[in-house]
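The values are calculated or read from the model by the stated rules, or taken from the named source; none is laboratory data. Remember, it's a predicted structure, so these values are computed and weren't measured experimentally. Glycine gets a Cβ as well: all are built from the backbone with ideal geometry, and neighbour counts include every protein chain shown. These area figures cover heavy atoms from the full protein model, side chains too; ligands, DNA and RNA do not enter into them. Shrake-Rupley method; radii C 1.70, N 1.55, O 1.52, S 1.80 Å.
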Amino acid sequence: MTEVSVAKEDRAASDELVVLKSVNKHFGALHVLQDIDLTIDRGEVVVVIGPSGSGKSTLCRTINRLETIDSGTITIDGRPLPHEGRELARLRADVGMVFQSFNLFAHKTVLENVMLGQIKVRRADKKAAEEKARALLDRVGVGTQADKYPAQLSGGQQQRVAIARALAMNPKVMLFDEPTSALDPEMINEVLDVMRQLASEGMTMIVVTHEMGFARSAANRVVFMADGRIVEQAAPEQFFNNPRSDRAKDFLSKIL
Ligand code: ADP
Ligand code: MG
């Protein structure tokens, strides 16, 4: 029993929330993640950038085990990723994920979308789940849309609902995989503003994005990936003003 409580204290004491060590992943002959070492501290906002096909989405998907890995280890808050069952469902709830396509349940109302996981995974009662859902919908600015269906909302509103839905699980870390890439330009900022707000409140975040303004203003660290590797990582100012690698220089010259 003492061993268990000591382990718990260690977890709480550590700043390291997400730790990947020597992670490798193949899709057939394609070595999509190559010896990835990455540590994300509690409260840190890490923006992941890199060319299309470099493995950014796969990296996100391995962190909440939508993809398995071939070798290496991934721990969340000191615990290795569980393989299946209820433990895995709980892990997924600890790691909130927001995708490019909003992935809301089309046949549930906005409110139900934000209640469902709380009831099924977190075992919240219906009343508590509804209260929390309404509060979160207010927080992301779509409180008045609660009784509508996703298709009745704009893309920016749907993405904010998706963020509220992930937050409803009290995640330890939020993963965003190109959350604004499918949005019309005028809706990008309303989503980025919610993300900036979350970042300023201390949420641990991993954000794959092409929004360099967001990276500069909200990230503590930029991770640059190419060909399945982390090529370079640095504070945003250093990365954008003085990229070290040729790959990063080349990438930035194309997008900036
Ligand atoms: P990024 O998000 O940086 O654009 P991805 O992680 O989506 O990159 O993809 C990295 C590489 O892995 C790409 O070459 C892609 O085609 C390939 N890939 C991604 N998912 C799969 C899959 N399920 N099966 C086979 N290949 C995949
Ligand atoms: Mg991707």
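Which is within 13 Å of ligand 2 (Cβ to nearest atom), more than 13 Å from the chain's Cα centre (by Cα) and β-branched (V, I, T), of V48, V32, V23?
Answer to the check: V32.
Quick one: in segment 189-210, of everything that is in contact with a Pro (Cβ under 9 Å, 6 or more places away or on another chain) and free of Cβ contacts under 8 Å to residues at least 40 places away in the same chain, which residue is surrounded by the fewest Cβ atoms within 10 Å (Cβ to Cβ)?
L192
Could you name every one of the strands (runs of 3 or more DSSP E) located completely within segment 1-67 that has at least 1 residues being at pLDDT 95 or above and open to solvent by 10 Å² or more (accessible area, probe 1.4 Å)?
Numbers: elements: 16-27, 30-41, 45-49.
Strands (runs of 3 or more DSSP E) meeting the threshold: 16-27, 30-41.
Cβ contacts < 8 Å: first residue closer than 14 Å to P243 by Cβ and open to solvent by less than 10 Å² (accessible area, probe 1.4 Å), restricted to segment 212-232; second residue within 16 Å of ligand 2 (Cβ to nearest atom) and part of a helix (DSSP H, G or I), any location; separation 6+ or different chain. Result?
From segment 212-232, the pairs are V222/A215; F224/F251; M225/K56; M225/L59; A226/F251.
Could you list, in sequence order, the residues of segment 166-185 that are over 13 Å from the mean Cα position of the chain (by Cα) and outside any loop (DSSP other than H, G, I, E, B)?
P185
Can you tell me which condition V207 does not meet? The list is (1) farther than 30 Å from T75 by Cβ; (2) within 16 Å of ligand 1 (Cβ to nearest atom), and all the others hold.
The number of the failed condition is (1).
Scan segment 95-113 for residues that are of a type outside the set (A, V, I, L, M) and either at pLDDT 95 or above or surrounded by 18 or more Cβ atoms within 10 Å (Cβ to Cβ) (or both) and jot them down.
Passing the criteria: G96, F99, F102, F105, H107, K108, T109, E112, N113.
Within segment 186-202, which residues are among the small types (G, A, S) and either within 15 Å of the chain's Cα centre (by Cα) or not in a helix (DSSP H, G or I) (or both)?
A199, G202
Would it be correct to say that L116 is modelled with pLDDT under 95 and part of a helix (DSSP H, G or I)?
No; evaluated as a whole, the condition is false for this residue.
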